[in-house]
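**Student:** Sharing a structure here in structure tokens format.
What follows is calculated from the coordinates using simple rules that are stated; it is not laboratory data. These figures come from a predicted structure and were not determined experimentally. When we count neighbours, we look across all protein chains shown, and the Cβ atoms used for this are built from the backbone with ideal geometry, even at glycine.
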Amino acid sequence: MWKTIVRRVILMIPQIFILSVFIFILAQLMPGDPFSGLINPNMDGATIDKMREAAGLNDPWTTQYVRWITNAFHGDFGKSFLYKMPVSTLIGERAINTILLSIVTVIITYLIALPLGLLAGRYKNSWFDKLVVIYNFFSFAVPVFIFALIMLFVFGYRLDWFPTTGSVSSSVIPGTGAYYWDKFYHLILPAISQALLATAVTIQYLRSEVIDSQGLDYVRTARSKGVPTNRVYTRHIFRNASLPIASQLGYEITGLISGSIVIEKIFGYPGIGKLFIDSILQRDYTVITALILILGIATLVGTLLSDIIMSLVDPRIRIQ
């Protein structure tokens, strides 16, 4: 298993290289540059040209790429033109918020999806199963941005139960218990909004697997030996039915990290997603290229993580 992991990591090196070239070329093809927004009657064109020259934007794209990838290899992604700070520092600050949001979202997602999927499959065609199916259709059909806006309007503005923007209040002192509670309090509403729609796939997978497993030989054998019904479902059926879910866990984690753009933008949550949108609008190339590269690497790591989780959950397919 460890040899396979090492081989997969080595294979990721050329994939990351090709990804970096593709990302850099796409960034170069974007119209405008970080200094385009400075063009106005009060700004001399020669001054802007000097700024572009100093930033190295007039160099050939190959020269810019070599300089960028060499510095990126040492953890230096350049300086943000918009925020006037190192990109690695900027992304590090935002990544903490996104990772916290993703972890809480995944926990809430599985706390909702696992019991609903298991019970819906166990009591197939019951009123409870029909309610779960309706909820699943709702989760599939409703766009994230519409549902997030409804949640923000109802629980943020109307009921005033949760904050409507930011990741922490400016009045709390960093490092205190009140600070960490306030930080958690700010991410509850966006996490719940994202989790309620993210449960659909997990519920559907688990419900279908539980229904299919009820007539298999190992279940009949367990029942014939007098194993209690609850134990049959929780210890035997659930473990086998959870294999497709385990295979998707790595993808879900990386997907939440890279796919929180809509949620973060609507809730004004300062994470990677909001930073990505703001950087595109302001043509902040250094941040855009760094974020896409990092998210691409995260996707590759997620693929590897899914394979590892599958091998741990199911010894039958454990990598030799």
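**Student:** What is the distance, in nm, between label points placed 7 Å from the Cα along the Cα-to-Cβ direction at ARG158 and at VAL301?
**Tutor:** Reported label-point gap for ARG158 and VAL301 is 4.0 nm.
**Student:** Name the long-range amide H neighbours of LYS79: under 5 Å, sequence gap of 5 or more, or other chain; modelled H, no Pro or chain starts.
**Tutor:** HN-HN under 5 Å from LYS79: VAL87.
**Student:** Through the Karplus equation 6.51 cos²θ - 1.76 cosθ + 1.60, θ set to phi - 60°, convert the phi angles of region 146-151 into ³J(HN,Hα) values in whole Hz; use x for Gly and Pro.
**Tutor:** Taking θ as phi minus 60°, the curve returns 5, 5, 5, 5, 5, 4 Hz for region 146-151.
**Student:** Taking 0.36 nm per residue of sequence separation and subtracting the Cα-Cα distance, how much length would be gained by fully extending the chain between ASP76 and PHE140, in nm to one decimal?
**Tutor:** That pair, ASP76 and PHE140, stretches by 19.0 nm at full extension.
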